[in-house]
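Report on one structure; see the data block that follows.
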Amino acid sequence: MLRLIALCLTVLVFAACSAPREEALPARSELAPAGTLRAGINFGNVLLTKKDPATGEPGGVAVDMARELARRLNVPIQIVPYDSAGALADAAGSGVWDVGFLGAEPQRANEIDFTAAYAEIESTYLVPPGSPIQRLEEVDRPGVRIAIAAKSAYDLYLSRNLKSATLERAAGADVAFRRMIDEKLDAMAGLRPVLVTYVEKLPGSRVLDGSFSSVQQAAGTPKGRPAGAAYLREFIEDAKQSGFVAQSIEKNGVRGLTVAPPAPASN
């Protein structure tokens, strides 16, 4: 009899630990309507994602976040890969992913309900050898041409804010870097930690001090899922406060990525 009671208690404890909290149930039906959390991940962002060279197993901070969300919802996860944030955002209305991890930008908010940022990355410029440009303020001038990864968060930001310089868009950061060299462009815009790696490939090039913006890495769900969006916002705030984001950054050995501050309290 004692063994039976102990077994029943064990089953009840396991069920309580594995089941999602009651308030997560409406969110689960919106974030995983088919019973699986389909997480859109931008593998073009090498700071937040990676793949095991031997097995192809996805990893990185964004993947850790997606897996933790699936664990809390008590559902399996399917990683839906994209080569760029733009491609991920463009697919928001197609119904192929339920939660996406990408930079939050106003243009993308037309289709996606974003959380506050969980991490931030500085955006700045790389200039080629011999460039007379010394400061950020000298980039936005007539005749200056800037190589940039198309539809990246910093592309969207500069498209709104540049007044005189011209953006020369390319399919990803590597192509933008090659265009800067081959076409003798004046600068390349990008994430600071990524641009630093290009300095090693182009001796004499420089990454400018300061930043023109900080890319706000967030999570989002397609419009029309209010319970899911609310749960997702709470999840991101808890992941920051609990130290989960910081631990993931440290575990993955990422430099240049910082935990975003708490979201402002809503009125």
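The values are calculated or read from the model by the stated rules, or taken from the named source; none is laboratory data. Source: prediction; values computed, not measured. Please note: Cβ atoms are built from the backbone with ideal geometry, for glycine as well, and neighbour counts cover all protein chains shown.
Kindly indicate whether Gly93 is in a helix (DSSP H, G or I), in contact (Cβ under 8 Å) with a residue 24 or more places away in the chain, over 12 Å from the mean Cα position of the chain (by Cα) and at negative phi.
The answer is yes for Gly93.
Specify which of the listed residues (Asp238, Asp209) is at pLDDT 95 or above and either under 28 Å from Arg38 (Cα atoms) or not β-branched (Val, Ile, Thr) (or both).
Asp238 is the lone residue from the list that is at pLDDT 95 or above and either under 28 Å from Arg38 (Cα atoms) or not β-branched (Val, Ile, Thr) (or both).
Can you tell me which residue in the range 159-218 is surrounded by the fewest Cβ atoms within 10 Å (Cβ to Cβ), limited to those that are among the basic types (Lys, Arg) and closer than 30 Å to Pro262 by Cα?
By that ranking, first place goes to Arg160.
Determine if the range 225-245 includes at least one residue that is closer than 30 Å to Arg141 by Cβ, within 18 Å of the chain's Cα centre (by Cα) and surrounded by fewer than 20 Cβ atoms within 10 Å (Cβ to Cβ).
Scanning the range 225-245 turns up no residue that is closer than 30 Å to Arg141 by Cβ, within 18 Å of the chain's Cα centre (by Cα) and surrounded by fewer than 20 Cβ atoms within 10 Å (Cβ to Cβ).
For the range 85-99, indicate whether the set of residues that are under 19 Å from Phe244 (Cβ atoms), modelled with pLDDT of 95 or more and among the aliphatic types (A, V, I, L, M) is non-empty.
Checking the range 85-99: at least one residue is under 19 Å from Phe244 (Cβ atoms), modelled with pLDDT of 95 or more and among the aliphatic types (A, V, I, L, M).
Just one of (1) modelled with pLDDT under 95; (2) among the charged types (D, E, K, R); (3) in a strand (DSSP E or B) trips up Arg38, so point out which.
Only one criterion is unmet by Arg38, namely (1).
So Tyr231 fits all but one of (1) in contact with a strand residue (DSSP E or B) (Cβ under 8 Å, 6 or more places away or on another chain); (2) assigned to a helix (DSSP H, G or I); what number is the exception?
For Tyr231, the failing item is (1).
Quick one: count up the residues across the range 83-98 that are in contact with a Phe, Trp or Tyr (Cβ under 7 Å, 6 or more places away or on another chain) and surrounded by fewer than 22 Cβ atoms within 10 Å (Cβ to Cβ).
Residues that pass the stated criteria total 2.
If we scan the range 184-197, do we find a residue that is at pLDDT 95 or above and either in contact with a Lys or Arg (Cβ under 7 Å, 6 or more places away or on another chain) or part of a helix (DSSP H, G or I) (or both)?
There is at least one residue in the range 184-197 that is at pLDDT 95 or above and either in contact with a Lys or Arg (Cβ under 7 Å, 6 or more places away or on another chain) or part of a helix (DSSP H, G or I) (or both).
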